[in-house]
Every structure is written in C-alpha cells, then in structure tokens.
Amino acid sequence: GAVLAGQEWAWPQGPVTRPPGSRRPDTPTTTLATHTVDGHRFDLVSYVDTAGALCLAIDRDGRRDASARGIQVDEQNLASAAMTMATREPRTAAVYGRVHDSVTELYAIMQDGERVDWPIYDDARNQERYFAVIADSQALADIVAVAPTGSTSLKRFFGMWFNPPPGPGPRRPRA
C-alpha cells in the first residue's frame with residue numbers, strides 16, 4: 001500500500017495540502033494500454049498534472065500505483081523509464097517510460113535469452129511516445145529501445161531496481 005504522510009492519517013483531519021504536480025481524482029487521463037499479468041490489471045496512463053507537466057503512470061488493479069513526470073529522452077538516450085514492483089510473490093515489475101520519436105521497436109530480454117517485443121504507444125494528447133513492460137522482475141534481464149541510429153539499453157538501471165543494495169555481509173563474532 002501507499003505510504004501515508006502525517007496529515008493523511010492524523011485525526012482530526014485538517015485540509016490535505018497536495019504538492020505541485022499532483023494527480024487529482026478529476027484530472028483528465030488517457031489510458032494508453034491495459035495488460036493483465038498474474039491476475040492483476042496494469043493500466044498505462046498519461047495525464048497533465050496540476051503544474052502542467054506531462055506525466056505517465058501505472059495504475060494497478062484500478063488504483064494509482066506509480067507515476068513519473070517530465071521524462072526526458074534524446075538521440076543518445078532513446079528511452080527513459082521508471083518502475084514499480086510488487087513486494088510479494090510473484091514479484092511482477094512494471095517498467096514504464098518514454099521513448100524518443102525515432103525509436104522503431106522496444107523489446108525485453110529475459111534471463112533465459114527469450115526476446116519479448118513490446119508495443120510503443122503514441123499519445124495523441126501529449127504528443128509523446130510511451131511503453132510499459134510487465135514481467136517477473138527476477139526473469140527480466142534487459143529492455144532495449146532501437147532506432148535507425150542505434151539502441152539504448154535500460155539494463156544499467158536493473159541493479160538499482162531489482163537487486164538489494166550491497167551490504168557489509170554477515171557479521172562475524174570477535175574472538
């Protein structure tokens with residue numbers, strides 16, 4: 001579930017102050033795609049937030065789950081992404097983001113070497129191109145965006161997204 005700020009759970013509840021750029025219940029949205037994986041529905045949603053920034057979100061099972069705003073791409077960085085992941089089994093990850101206008105294909109590479117092509121969605125309202133890859137986080141090895149001039153791998157982010165941070169290792173008792 002969501003982490004609540006103090007003003008959202010305190011009683012008596014005063015007015016809730018939302019930060020600039022929030023998505024309110026009446027914010028117009030465009031659902032670009034819906035995927036059902038492991039019995040859960042993932043909606044790729046675009047909208048303009050209250051501060052006027054272009055945003056992309058994943059809504060899970062009809063509830064807001066995660067969003068990103070102002071996603072930047074260029075000729076060298078053909079794709080940029082955000083992600084959300086279920087913390088219980090199965091560990092389904094939704095990696096979603098924006099691709100450059102020159103991108104012609106986007107695919108995931110699984111740990112077993114399988115290539116899975118994913119569609120790119122043109123958002124007529126925001127004039128941007130978006131994607132969503134929904135997969136088992138332990139099986140996903142890379143996501144690649146391809147354009148005539150080259151490709152961009154998102155694998156460099158995987159360590160941060162899918163692996164626990166390095167720690168000092170097990171403590172050993174002193175003699």
Using packing as a proxy for protection, rank 36-45, 95-104 so that the peptide with the highest average count of other Cβ atoms within 10 Å comes first. 95-104, 36-45
Counting only residues 5 or more places away or on other chains, whose amide H sits under 5 Å from the amide H of Ile143 once H atoms are built in the peptide plane? Ile109, Leu154, Lys155
What does the charge count near Ala132 come to, summing +1 for each Lys or Arg and -1 for each Asp or Glu among other residues with Cβ under 14 Å from its Cβ? -3
More than 13 angstrom separation, counting every C-alpha pair in region 24-88; what % is that? 68 percent
Would you please put 115-124, 56-65 in order of how densely packed they are, using the mean number of other Cβ atoms within 10 angstrom per residue and starting with the highest? 56-65, 115-124
Pop out the ³J(HN,Hα) list for region 38-43 in order, Karplus 6.51 cos²θ - 1.76 cosθ + 1.60 with θ = phi - 60°, rounded to Hz; leave Gly and Pro as x. 6, x, 10, 9, 10, 10
Peptide ranges 140-147, 105-112 listed from the most packed, as the mean C-beta count within 10 angstrom indicates: 140-147, 105-112
Around His100, what is the net charge, scoring Lys/Arg as +1 and Asp/Glu as -1 over all other residues with Cβ under 9 Å from its Cβ? -1
Out of the total accessible area of region 44-118 (probe 1.4 Å, heavy atoms of protein only), what percent is carbon and sulfur? 42 percent
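The values are calculated or read from the model by the stated rules, or taken from the named source; none is laboratory data. From a predicted model like this one, the values you see are computed outputs, not experimental measurements. Here the Cβ is made from the backbone with ideal geometry for all residues, glycine too, and neighbour counts use every protein chain on show. The area values use the complete protein model at the heavy-atom level, side chains included, leaving out ligands, DNA and RNA. Shrake-Rupley method; radii C 1.70, N 1.55, O 1.52, S 1.80 Å.
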